[in-house]
Amino acid sequence: MEKKELICVGCPLGCVVNVELEEGVIKNISGYSCKRGVTYAQKEITNPARIVTSTIKVEGGEKPLVSVKTKQNVPKNSIFQCMDDIRNVVARAPITAGDVLIENVAETGVEVVATKDVGIDVGTST
C-alpha cells in the first residue's frame with residue numbers, strides 16, 4: 001500500500017493529512033480536522049489544480065506590468081503552458097481590475113484576469 005502525506009490548505013489549521021492508496025485508488029484518508037481536509041486530499045491525489053498568478057506586459061500604461069491570475073484553478077500539469085501563454089501576451093492600457101486578458105489559457109477554458117488597474121501613460125511635462 002502506498003502512503004502519501006499532505007499538508008491541507010483547506011482552512012487555517014494546516015492539518016497533516018495521510019492518504020493510503022492501493023493501485024492508485026484511495027483506500028483511507030486520516031489526520032484531518034474538518035471535512036475540507038477530506039475534500040482537499042481527494043482532489044489533490046486525483047486531480048491536483050492551482051490558481052496561477054503572474055504579470056503581463058502593458059503597452060502604453062503608467063506601469064510596465066499588470067498583475068494577473070487565473071479566474072479558476074487550472075490542472076497542475078497545465079501550469080507551464082499557462083505561463084508560456086501569459087508570457088506571450090501584451091495588454092494595452094487602460095486596464096481595469098477584472099478585465100479578461102486571456103480567454104482560454106492553455107486551452108483549459110479558464111480566463112486570466114487583471115488584478116489591478118493600470119491607467120494610460122500621460123507622459124511627463126517639462
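FYI, it's all coordinate maths here, none of it is from the lab. Model, not experiment: these values are computed from the prediction. As a convention, Cβ positions derive from the backbone with ideal geometry for all residues, glycine included, and neighbour counts pool all protein chains shown.
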Folded to 0 to 90 degrees: helix 35-46 orientation relative to the chain principal axis, Cα: 80
Using the count of nearby Cβ atoms within 10 Å as a rough guide to exposure, how do LEU13, LEU6 rank from fewest to most? LEU13, LEU6
State, as an integer percentage, the relative contact order of segment 2-46 based on alpha-carbon contacts under 8 Å between residues 6 or more apart. 34
Using Cα-Cα distances under 8 Å and only pairs 6 or more residues apart, what relative contact order does the chain have, in percent? 19
Loop-located GluC sites (Glu not before Pro) in segment 75-123, at most 10 other Cβ atoms within 10 Å (DSSP): GLU103
So if each residue of separation counts as 0.36 nm, and I subtract the Cα-Cα distance between PHE80 and GLU62, what length gain in nm does that give? 3.6 nm
Other residues with Cβ under 12 Å from the Cβ of THR53 give, with Lys and Arg +1 and Asp and Glu -1, a net charge of +4
Surpassing 23 Å at the alpha-carbon level, of the pairs LYS4/LYS71; LYS4/LYS43; LYS76/LYS116; LYS4/LYS27; LYS3/LYS43, are LYS4/LYS71; LYS76/LYS116
Remind me, relative contact order of segment 53-114 in percent, using alpha carbon pairs under 8 angstrom and six or more residues apart? 38
Of the GluC sites (Glu not before Pro) in segment 1-96, those whose Cβ has at most 15 other Cβ within 10 Å and which sit in DSSP loop: GLU23, GLU62
Size of the dipole of the chain about the Cα centre, Lys and Arg at +1 and Asp and Glu at -1 on the beta carbon, nothing else charged, in debye to 20? 360
What is the dipole size for segment 53-114, taken about its Cα centre, with +1 at each Lys and Arg Cβ and -1 at each Asp and Glu Cβ, in debye to the nearest 20? 200
Based on Cβ point charges of +1 for Lys and Arg and -1 for Asp and Glu, what charge dipole magnitude is obtained for segment 2-46 about its Cα centre, in debye rounded to the nearest 20? 240
Options [x] 40, 26, 25; [y] 38, 31, 24; [z] 71, 29, 18 are given for Cα extents along the principal axes in Å, and the computed one is [z]
Packing-based exposure ordering (other Cβ within 10 Å, fewest first) of CYS15, CYS34: CYS34, CYS15
